[in-house]
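Please read the structure below before turning to the comments.
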Amino acid sequence: MTSSAWTVLPVGVLLGSGYAIPLVYRRYPHWLGTMVLGAGSAALGMAGYLAYLVATAGPVQYFLGGWGPPWGIEVLVDRWSALGLLTVTGVGLPVLLYALYSARDELETPLVGKYFGLVLILMAAMMGTVMAADVFNLFVFVEVLSLAACAIVAIKGDRIATEASLRYLILGSIGSGTILLGIALLYMVTGHLNMAFAGTQMAAALLEHPQVVYAGLGFLVLGLSIKAALFPLHVWLPDAHASAPTASSALLSGLVVKAYIFGLWRIFAIMFGEGLLEAVPIRALLLAMATLGILAGSILAIGQTDLKLMLAYSTVANVGYVFLGLGLGSERAMLGAALHILNHGLMKASLFLAAGNLLHATETRHVRRLGGVGARMPWTMGAFTVAAMSMVGIPPLNGFVSKLYLALGALDAGSPFYVMVILVASLLTGLYYAPIIIAAYFEPEGPHRRAHEPVWACTLPPVLLALGCVLLGLYPAALMAILGG
Amino acid sequence: MSRRDLVAVLTLVVVGGIMVLVVADMPAFGSLGPQYNVMYEKFTGRVVQETGAVNAVTGIILDYRAYDTLGETTVLLVAIMGTMAALGAGAVHPAAGAAAGRPLDSRILALVLRVVIPFTQLFGLFVIFNGHLSPGGGFAGGTIIGASLILGALVSNYRPGRRAEVRSEIVESASVGWYLLVGFAGLLAGKAFLSNAGVFPLGTPGMPFSGGMILLVSMAVGAKVASTMQTLFLGLVHGGIRHEREAER
Amino acid sequence: MIGRLLQNFHYLVAVLLFVIGFHTMLTHANLIKKIMGMNIMDTAVFLLFIAGGYVEGGRAPILPPGPPVAGVRYVNPVPAALILTGIVIAVSITAFALGLIIKLYRFYGTLDADEIAALRSRAA
C-alpha cells in the first residue's frame with residue numbers, strides 16, 4: 001500500500017480557499033473566478049493523480065500527523081473512493097463555472113463571496129467523507145458536509161428555501177445524533193475508531209454483545225440513510241433541492257447525497273465485511289427500501305408540474321439504485337452502484353444546470369410550458385435531452401452502463417426480481433422526461449418568444465456534463481482501469 | 001390523542017425499548033471493557049512524551065486527532081457563515097417586531113459587569129494557555145472569553161457597525177486558516193500533515209510553554225470560538241432588532 | 001437482564017434523556033422547542049458516550065509530567081475528546097437553526113410549525 005500526502009492536499013487546498021474567498025471577495029471581487037476555478041481545477045488534478053496511483057499501484061493511504069492506526073486518523077483511497085473523488089471534482093468544476101455567473105444573478109451581491117466559500121468547503125467535506133477510514137473522522141466530515149449543504153440552500157433567502165433548509169437541518173440533526181450514537185455503541189464494544197481495527201474486533205463483539213452491535217450498525221445506517229435520502233426518509237429532499245440556487249441544486253442532487261453512501265459503503269466493507277453482514281438482516285432491509293424508493297421516486301416525479309421538483313424526486317429514485325447495488329452486494333452490483341454514483345452525478349448536474357437555464361430564459365418552472373424552446377436554446381435543450389435519455393437508460397449513454405451492471409449484479413446475487421424493478425423504473429423515468437423533450441422540439445412556441453441561450457459560461461457546463469455522459473457511455477473501459485472490473 | 005401524538009408514542013416505545021435492550025447488553029458500567037486496549041494504554045501512558053501535553057484529552061484532540069479538530073473548527077465557521085448569510089436580508093413580516101430586545105438600563109448591573117468582565121477575560125486566557133496542562137483549552141477558554149464579550153455587548157448596548165462585522169469575519173477565517181497553515185508546516189518540514197513532534201519543539205512537559213503545535217493551535221481556536229460566540233449572539237439579536245426598525249418605518 | 005440493567009443504570013439515564021428529547025422534537029409544533037428537544041437528544045448521546053469511558057476508581061486523565069505513577073488508573077480520555085467535537089458540532093447546528101428560525105419568524109410572524117404549514121398552504 002502506498003502512502004501519499006496528495007490524499008489530504010486537495011482537502012487542504014479547497015478548505016483554505018473556502019476560508020479565504022469570502023474575505024478576498026470583499027476587497028477584490030474580480031479575483032473570484034480565478035480563485036474558485038483555480039481551487040476546483042487543482043482539486044481535480046490531484047484527484048486525477050490519486051486515481052492514477054490507485055489504478056497503477058493499488059490503494060493509497062495516509063496517516064495524519066504521522067500517527068498510524070489505531071491511534072491516529074487514517075485516510076484511505078481505495079478504488080471506490082478514487083472514483084468518488086473523481087466524481088466530486090469532475091462534476092464539481094463545471095458546476096463552479098456555472099455558479100460564477102448564476103450566483104450573481106440569483107443571490108444578493110454581498111452574499112456571493114460567502115456562497116463560494118461555502119461551496120468550496122462543501123466540496124472539501126465531500127472529498128474528506130469519501131476518503132475517511134476512521135468512523136469519527138467520517139462523522140466530522142459528514143457534519144461539515146450537512147451544515148454546508150443546508151447553508152447553500154438557505155443562502156437563497158426566500159421563504160421556501162428558508163423553510164426547506166430548516167427542515168433539512170432538523171432532520172439532518174436527528175441523523176447526526178443517531179450516527180454519533182452508533183459510533184458510541186460500536187466503540188464501546190470494539191474499542192477502536194479506525195474502521196479496519198474495529199473490524200478485527202467486530203466478530204468477537206458480535207458474540208459477546210450482539211444487541212449492541214446490531215443497534216450500533218442500525219443507528220449508523222439510519223443516520224446516514226436520512227442524510228442520503230433513502231426512500232421513506234427522503235421527505236426533506238424535494239423542497240431543499242428544488243428551492244436552492246441552481247448551482248446548489250446540481251451539487252446537492254448530483255453529489256452530496258452520494259457522499260453519505262460512500263461512508264456507509266466503507267462501514268459495510270471495512271468495519272463489518274462480507275461474513276458479518278450476512279449475519280445481520282441489514283441488506284434485506286436496504287433492498288426493500290431501495291426498491292420502494294426507486295418506484296416511489298419515479299412515480300412521484302411523474303406527478304410533478306414543477307421542473308426542479310421533478311428532478312429532485314428523480315434523485316430519490318436514483319439514490320434507490322445506488323442502495324440497490326449496495327444491498328445486492330455482488331461484485332458487479334457494487335460496480336454498478338459505483339458507476340451509477342458517477343453517472344448520476346453527471347446526468348443530474350447537467351439536467352439541473354440546463355433546467356436553470358430554461359427557467360431563467362422562459363421564466364416558468366412549469367414542465368408543460370416549455371413548448372418550442374428546443375429551437376431557441378439548442379445547446380441547453382440538447383444537453384437536457386442527452387442527459388434525460390441517459391437517465392432513462394438508453395444505450396449507448398452512461399446511464400445504460402450502470403443500469404446494465406446493476407441488472408447483471410442482481411442476476412449474480414440470484415434475485416432476477418430486481419432486474420424487473422430496474423426495467424419498470426426505466427419505463428417510468430421515460431414517462432416523465434419524454435413529454436418535456438417532445439414538447440420542446442415538436443410543439444408550437446409558448447409565450448416565451450424571446451427566450452435565448454444565456455452567456456457561454458452557463459451554456460457550456462451542462463453541455464460538457466452531457467458530453468461526459470456520452471463519452472462514459474461509449475468508453476466505460478477508462479473507469480474500469482480504476483475499478484478493476 | 002391526536003394522530004401525531006400516537007405516532008410519537010409508538011416511535012418512542014420502539015426506540016426506548018431497543019435502547020433498554022441495548023443497555024442490558026452493554027459492557028458493565030465502569031468495568032475494564034473492550035475499550036481498555038492499546039489505544040487506551042497509549043493515551044494514558046505515552047501522551048506526555050509524544051505530544052508534550054500533560055492533559056491527555058488535549059493531547060488527543062490537538063495532536064493525535066488534530067484533523068478532526070480542523071474539521072470541527074470548519075463546522076463552526078460554516079455555521080457562522082450560514083447564519084450570517086441567512087440573517088442578512090429578506091422580506092419582513094409586520095407582526096414580527098414585537099419580540100425585539102430593549103437596551104439594558106440598570107446602572108448597578110452595568111457597574112458590576114464592568115468590574116467582572118476583565119477578570120472573566122483573564123480567566124479565559126488562562127484556560128486557553130493552560131489547555132495542555134489542566135482541563136480546558138481553546139474551546140473552553142474561547143467560550144469564556146466569548147461570554148464576557150457578550151456581557152460587554154449587553155452592558156454597553158453595543159451594535160456592531162459594518163467595520164466590526166468585517167473585523168470579526170477576518171478573525172474567524174484567519175484563525176481557521178492559521179490552523180491549516182500549522183498543518184502545512186508539518187508537510188514543509190518533511191513530516192506528515194498536522195505533525196507535532198519533530199516539527200515544533202515540544203518543550204518540557206508540565207511547563208507553560210510546551211506541547212509545540214498544541215499551544216499554537218489552541219490560541220487560534222480560542223480566538224475563533226470567542227469571536228464566533230460574540231458574532232452569533234449579536235447576529236441573532238440584531239438580526240431581530242434590525243428588522244423591527246424596518247417594520248416600523 | 002434486570003441485573004445487568006441495574007448495573008448499567010447510568011446508561012438508562014442517558015436513554016431516558018434521549019427519549020425525552022426525541023419526544024419533544026416529535027410532538028411540539030414550536031420550532032424553538034424542537035431545537036431544545038434536539039439539544040436534549042444530543043446531550044443524551046454525549047452522556048452515554050462519556051459514561052462508557054468511565055473506569056471504576058479512575059482519575060481524570062491529567063498525567064504526571066514525569067514518569068508514570070504506578071497503581072493509578074485513569075478514565076478513558078478518548079470519549080471525552082470525541083465528545084468535545086460532538087458538542088461543538090451540536091452548538092453549530094443549534095446556532096444555524098436559530099438563525100433560520102428567526103428568518104422564518106420574519107416571514108410568517110409565528111414560530112408554530114403547524115401555523116406556518118397552514119399559512120403556506122393558504123398562500124399556495
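The values are calculated or read from the model by the stated rules, or taken from the named source; none is laboratory data. As the structure is a prediction and not an experimental result, all values here were calculated from the model. Backbone-built Cβ (ideal geometry, glycine too); neighbour counts: all protein chains shown.
Among residues of region B:168-185 that are more than 9 Å from chain A (Cβ to nearest Cβ), those with a Cβ under 7 angstrom from a residue that is surrounded by fewer than 19 Cβ atoms within 10 Å (Cβ to Cβ) and among the hydrophobic types (A, V, I, L, M, F, W, C), sequence gap 6+ or separate chain, pair up as B:VAL182/B:LEU216.
Determine whether B:GLY52 is over 25 Å from A:ALA124 (Cβ atoms) and surrounded by 24 or more Cβ atoms within 10 Å (Cβ to Cβ). Spelling it out, B:GLY52 is indeed over 25 Å from A:ALA124 (Cβ atoms) and surrounded by 24 or more Cβ atoms within 10 Å (Cβ to Cβ). Annotation note: of A:THR34, A:THR129, A:THR109, the sole residue that is among the polar types (S, T, N, Q), in a helix (DSSP H, G or I) and farther than 30 Å from C:VAL78 by Cβ is A:THR34.
Here A:HIS452 passes the criteria (1) loosely packed, with under 14 Cβ neighbours inside 10 Å; (2) within 21 Å of A:LEU309 (Cα to Cα); (3) touching a residue at least 24 places away in the same chain (Cβ under 8 Å); (4) not aromatic (Phe, Trp, Tyr) except the one numbered (2). Here the condition is being within 30 Å of A:LYS114 (Cβ to Cβ) and aliphatic (A, V, I, L, M); of A:ALA196, A:ALA247, A:ALA203, it holds for A:ALA247 alone.
Among the helices (runs of 4 or more DSSP H) confined wholly to region C:11-124, which include 3 or more residues that are free of Cβ contacts under 8 Å to residues at least 12 places away in the same chain and facing chain B (nearest Cβ under 7 Å)?
On the way: elements: C:31-52, C:77-108, C:113-123.
Counting at least 3 such residues, we get C:77-108.
Per this entry, A:GLY65 is counted among residues that are without any contact (Cβ under 8 Å) to a residue 24 or more places away in the chain and either part of a helix (DSSP H, G or I) or within 23 Å of A:ILE261 (Cβ to Cβ) (or both).
Condition first: over 24 Å from A:GLY216 (Cα atoms) and surrounded by 14 or more Cβ atoms within 10 Å (Cβ to Cβ). Can you find one or more residues in region B:14-33 that meet it? Within region B:14-33 (the criterion being over 24 Å from A:GLY216 (Cα atoms) and surrounded by 14 or more Cβ atoms within 10 Å (Cβ to Cβ)), the answer is no, since none of the residues qualifies.
Residue-wise test of (1) touching a residue at least 24 places away in the same chain (Cβ under 8 Å); (2) aromatic (Phe, Trp, Tyr); (3) over 21 Å from A:LEU464 (Cα atoms).
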{"site": "A:PHE323", "(1), (2), (3)": "yes, yes, yes"}
{"site": "A:LEU326", "(1), (2), (3)": "yes, no, yes"}
{"site": "A:GLY329", "(1), (2), (3)": "yes, no, yes"}
{"site": "A:ALA333", "(1), (2), (3)": "yes, no, yes"}
{"site": "A:ASN343", "(1), (2), (3)": "yes, no, no"}
{"site": "A:SER350", "(1), (2), (3)": "yes, no, no"}
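For region B:113-165, a residue qualifies if it is aliphatic (A, V, I, L, M) and in contact with a Pro (Cβ under 7 Å, 6 or more places away or on another chain), but none of them does. Listed conditions (1) without any contact (Cβ under 8 Å) to a residue 60 or more places away in the chain; (2) within 12 Å of chain B (Cβ to nearest Cβ); (3) within 30 Å of A:LEU166 (Cα to Cα) are all met by A:GLN201, apart from (3).
In the condition set (1) hydroxyl-bearing (Ser, Thr, Tyr); (2) touching a Phe, Trp or Tyr at 6+ places or on another chain (Cβ under 9 Å); (3) part of a loop (DSSP other than H, G, I, E, B), B:SER210 is compliant with all but (2). Residues in region A:170-203 that are of a type in the set (A, V, I, L, M, F, W, C) and not in a helix (DSSP H, G or I): A:LEU193 alone. Candidates in region C:1-10 are the residues that are more than 7 Å from chain B (Cβ to nearest Cβ) and either surrounded by 16 or more Cβ atoms within 10 Å (Cβ to Cβ) or among the hydrophobic types (A, V, I, L, M, F, W, C) (or both); of these, the one that is nearest to C:THR43 (Cα to Cα) is C:PHE9.
Considering only residues in region A:135-188 that are touching a helix residue (DSSP H, G or I) at 6+ places or on another chain (Cβ under 7 Å) and of a type in the set (Asp, Glu), the one that is farthest from the other protein chains (Cβ to nearest Cβ) turns out to be A:GLU163.
Checked against the criterion of being aromatic (Phe, Trp, Tyr), buried (at least 19 other Cβ atoms within 10 Å of the Cβ), modelled with pLDDT of 85 or more and within 30 Å of B:VAL199 (Cα to Cα), region B:106-128 has no qualifying residue. Among the residues making up region A:206-225, a single one is in contact with a Ser or Thr (Cβ under 8 Å, 6 or more places away or on another chain) and surrounded by fewer than 24 Cβ atoms within 10 Å (Cβ to Cβ): A:LEU222. Here the condition is being surrounded by 18 or more Cβ atoms within 10 Å (Cβ to Cβ), touching a Lys or Arg at 6+ places or on another chain (Cβ under 7 Å) and of a type in the set (A, V, I, L, M); of A:VAL60, A:VAL54, A:VAL8, A:VAL13, it holds for A:VAL54 alone. The residues of region A:150-160 that are buried (at least 24 other Cβ atoms within 10 Å of the Cβ) and assigned to a helix (DSSP H, G or I), listed by number, are A:CYS150, A:ALA151, A:ILE152, A:VAL153, A:ALA154. Here is the figure for region B:104-133: residues that are farther than 21 Å from B:ALA226 by Cα and basic (Lys, Arg) total 1. Here no helices (runs of 4 or more DSSP H) wholly within region A:303-411 include at least 2 residues being at positive phi and either under 22 Å from the mean Cα position of the chain (by Cα) or modelled with pLDDT of 90 or more (or both). Remark: pairs (first residue in region A:354-370, surrounded by fewer than 16 Cβ atoms within 10 Å (Cβ to Cβ); second residue assigned to a helix (DSSP H, G or I); Cβ separation under 9 Å; 6+ apart in sequence or on different chains) = A:HIS366/A:LEU307; A:ARG368/A:PRO435; A:ARG368/A:ILE436; A:ARG368/A:ALA439. Residues in region B:23-52 that are more than 7 Å from every other protein chain (Cβ to nearest Cβ) and not in a loop (DSSP other than H, G, I, E, B): B:GLU41, B:GLN49, B:GLU50, B:THR51. Selection of first residues in region B:204-220 that are on the phi > 0 side of the Ramachandran plot and of second residues that are part of a helix (DSSP H, G or I), restricted to Cβ pairs under 7 Å at least 6 apart or on distinct chains, gives the following pairs, ordered by first then second residue: B:GLY211/B:THR51.
In this structure, is B:ALA99 at pLDDT below 90, within 11 Å of chain A (Cβ to nearest Cβ) and surrounded by fewer than 24 Cβ atoms within 10 Å (Cβ to Cβ)?
On the way: at pLDDT below 90: yes; within 11 Å of chain A (Cβ to nearest Cβ): no; surrounded by fewer than 24 Cβ atoms within 10 Å (Cβ to Cβ): yes.
No, not satisfied.
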